[in-house]
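Peer 1: Quick one: structure below, then a few questions.
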Amino acid sequence: MRKLVIGLAAAAMASAFGMAHAQDKSVTMAVSIPAADHGWTGGVVYHAEQAKTKLEARYPGLKIILKTSPDGASQANALEDLTTQGINALVTLPHNSDELTDPIRQVKDKGVFVTVVDRALSDPKIQDLYVAGNNFELGRVAGQYIKDTLKSGDVVVIRGLPIVIDEERQKGFDEGIKGSEIKVLDRQFGNWSRDDAFKVMQDYLSKHQKIDAVWCQDDDMAVGVLEAIQQAKRTDIKFVVGGAGMKDMIKKVADGDAMIPVDVLYPPSMIATAMELTAANFYDQLPVRGSFTLDATLVTKDNASEYYFPDSPF
Amino acid sequence: MGARHCLSHLGGRNDCGQNMSTNTTAAPRRAFANIDLRAVAPFFALAVLFLLGALVNTNFLGIDNLLNVLTRSAFIAIIAIGATFVISAGGLDLSVGSMAAFVAGTMILFMNTGTVTGDYALLGVAMLIALGIGGLCGLANGLMTTLGRIEPFIVTLGTMGIFRALTIYLAEGGSIPMKSQALRAAYRPVYFGSVAGVPIPVIVILVVAAIGAFILYRTRFGRHVMAVGSNEDVARYSGVSVNRVRTMTYVIQGICVAIAVLVYVPRLGAATPTTGLLWELQAITAVVIGGTALRGGVGRIWGTVCGALILELVGNIMVLSDLVSEYLIGAVQGAIIIIAMLIQRSLARR
């Protein structure tokens, strides 16, 4: 009996130590993301830094190395540098799929746990975990909203840059408005830049006498669009639908701004989700391998407060 | 040999042709005809573009559209006027786009502190600070090129990265917006307002260009700029302080960037990571389209303004037309710019 108690106590002690040990287990997580070249990537950097502080406080043995790169080629170099430092996990938002598939494969071959965020690799077998927003849905939800609200009318579209993400959003939008009387008058690239979107919108306003709504799929561009409409003093435009979830636009939605009635979520904080899940894999032994796709939630006046981050730069 | 090269260059220009060409009596009259046509050529290209625009879309000639385009060209035009000085003196400044973002960022951050009471007083002080920062950025570029004796390409490539990174650092990766809506409202007319139907940014282009033209064509400093750009050694032997002149051109460039920022900030009320992206290339293109030689020694302020307008018009016509797929716009823009240059060349040869 006594033996048993001692045995139990020892076992309890051992497991307690084991627990403490698990928290102190030394894990190095590398986070490789694009540099803050526009609002959304700025948000990614912000949320990655926030998550780093939080996770390192929660798991004392965890060391997170955060590295931003201005383009695909330098990200490939950064990945090599990070690997030589001896990492256990890599969380990466690749600049583009094709260029970075092989560099990430090389990291994987070293036995590193690989989490890919937002942009899928050409070979999905490389990743252990994939966390992403849903670009097709972002377009579809916006299209659906315009279809439901307008029923029929003329819409202009401002695209981002000619890359896969943008292409998927366009397809989703077309799917969303399918079977309605909505007519897309024009599609031009605004490069996800406020200034370029301002210009394109000014030109749309000169070109088209009647526009019912604008879909510009990105909140940064929506800023430029609103300014151009205000300048032209046009009243035919009923509303503008952006996307991503920039704090200023979420605030407009919450305040009931007639021009920005909704926003479609594509949150840069997904990087933090990916880092949390990756850490959970090492410390909490939770099963996380697989794909984790975030919804393109329609933000309306009712739920806007849930998605408002006043301290975020984006 | 070098001296003759320099003098013929100096004599070849319209404005000081008289005082210098007395030395080169043998300069043929034909040279004058050439130069005149070259100065006119960018305006001819502009006229052709107007015609093209009118054919593409009837709304193109609408007064609103034309004023939009004119107003939009202000940033590049004003920066390119500064670039005309730098390039005429044989230099190059790749940092102007990043510098614009940096000046805009610091200016807005100052306005957000609200240390000066009264909206207009605050705006005034902020503008002076912006001009000061622009001038200092230019001075840094100039001193590093001249005193450091480093190629301007390398110096300004370096400062391009530095200014851009500083802006992103100040913005903590996001954008730097003007916080006070009242201040924003007070400042807004600088971009959107107009005097007697002429938008304020257009007036700013004209004033900056007039001052620039006066300095470049009518002052001793302007003549020194050309001399340094034509032949540095000859200028030095003639007693021109080459380093001081070069440095000054960078300071002028910095001030021009700051003036462009003064007009840029009220438009969207924020500095973002995309502010000023690739403006350096557009400014240099505007300068070259305007007839200024990249190798230095020739500078055309009004040609530069015309070049900036051409660039902006090409973009506008592309959006207004339905003929070109949105994927091919870049290619057509490139082709139009090359054709505009070819038209110029053929005019100049005649």
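The values are calculated or read from the model by the stated rules, or taken from the named source; none is laboratory data. The structure displayed is predicted, hence computed values, not measured ones. Positions of Cβ are generated from backbone atoms using ideal geometry, with glycine treated the same way; all protein chains shown enter the neighbour counts.
Peer 1: Tell me which of these A:ASP219 doesn't satisfy, since it passes every other one: (1) within 22 Å of A:TRP40 (Cα to Cα); (2) touching a residue at least 60 places away in the same chain (Cβ under 8 Å); (3) away from chain B (no Cβ under 14 Å).
Peer 2: Every listed condition holds for A:ASP219 apart from (3).
Peer 1: Can you say whether A:GLY43 is modelled with pLDDT under 80 and over 23 Å from A:PHE113 (Cα atoms), as far as the supplied structure shows? Quick ask: steps written out before the conclusion?
Peer 2: Details: modelled with pLDDT under 80: no; over 23 Å from A:PHE113 (Cα atoms): yes.
It is false that A:GLY43 is modelled with pLDDT under 80 and over 23 Å from A:PHE113 (Cα atoms).
Peer 1: Shifting gears a bit: Report whether or not B:VAL195 is touching a helix residue (DSSP H, G or I) at 6+ places or on another chain (Cβ under 7 Å), hydrophobic (A, V, I, L, M, F, W, C) and surrounded by fewer than 16 Cβ atoms within 10 Å (Cβ to Cβ).
Peer 2: yes
Peer 1: What helices (runs of 4 or more DSSP H) lie completely within region B:246-350 and have 1 or more residues being within 11 Å of chain A (Cβ to nearest Cβ), in contact with a Gly (Cβ under 7 Å, 6 or more places away or on another chain) and in contact (Cβ under 8 Å) with a residue 12 or more places away in the chain?
Peer 2: Here the list reads B:279-289, B:301-320.
Peer 1: Could you list, ordered by first residue, the pairs with Cβ atoms under 8 Å in which the first is in region B:202-227 and surrounded by 13 or more Cβ atoms within 10 Å (Cβ to Cβ) and the second is of a type in the set (Lys, Arg), at least 6 apart or interchain?
Peer 2: B:TYR217/B:ARG13; B:MET226/B:ARG13
Peer 1: Go over the candidates A:ASP154, A:ASP148 one by one and state the one that is away from chain B (no Cβ under 14 Å), without any contact (Cβ under 8 Å) to a residue 60 or more places away in the chain and assigned to a strand (DSSP E or B). Before the answer, list the steps.
Peer 2: Working: A:ASP148 fails: assigned to a strand (DSSP E or B).
Only one candidate passes the filter, namely A:ASP154.
Peer 1: From the residues in region B:162-174 that are out of contact with any helix residue (DSSP H, G or I) (no Cβ under 6 Å at 6 or more places or on another chain) and surrounded by 14 or more Cβ atoms within 10 Å (Cβ to Cβ), which one is farthest from the other protein chains (Cβ to nearest Cβ)?
Peer 2: Filtering region B:162-174 for residues that are out of contact with any helix residue (DSSP H, G or I) (no Cβ under 6 Å at 6 or more places or on another chain) and surrounded by 14 or more Cβ atoms within 10 Å (Cβ to Cβ), the one farthest from the other protein chains (Cβ to nearest Cβ) comes out as B:ILE162.
Peer 1: Select from region A:192-212 the residues that are charged (D, E, K, R) and farther than 30 Å from B:GLY174 by Cα and list them in ascending order.
Peer 2: A:LYS207, A:LYS210, A:ASP212
Peer 1: Sort out which residues of region B:182-201 are within 14 Å of another protein chain (Cβ to nearest Cβ) and either touching a residue at least 60 places away in the same chain (Cβ under 8 Å) or out of contact with any strand residue (DSSP E or B) (no Cβ under 8 Å at 6 or more places or on another chain) (or both), and write them in order of number.
Peer 2: The answer is B:ARG184, B:ALA185, B:TYR187, B:ARG188, B:PRO189, B:VAL190, B:TYR191, B:PHE192, B:SER194, B:PRO199, B:ILE200, B:PRO201.
Peer 1: Another question about this same structure. Name the single residue that is modelled with the highest pLDDT among those in region B:163-183 being assigned to a helix (DSSP H, G or I) and in contact with a Phe, Trp or Tyr (Cβ under 7 Å, 6 or more places away or on another chain).
Peer 2: My answer is B:PHE163.
Peer 1: Taking B:VAL319, is it touching a Phe, Trp or Tyr at 6+ places or on another chain (Cβ under 8 Å) and farther than 21 Å from B:SER98 by Cβ?
Peer 2: Yes.
Peer 1: So which residues in region B:184-231 are under 24 Å from B:ASN243 (Cα atoms), in a helix (DSSP H, G or I) and hydroxyl-bearing (Ser, Thr, Tyr)? Before the answer, list the steps.
Peer 2: At the first step, the residues of region B:184-231 found to be under 24 Å from B:ASN243 (Cα atoms) are B:211-231.
Now drop any that are not in a helix (DSSP H, G or I), which leaves B:211-218, B:220-230.
Selection gives B:TYR217, B:SER230.
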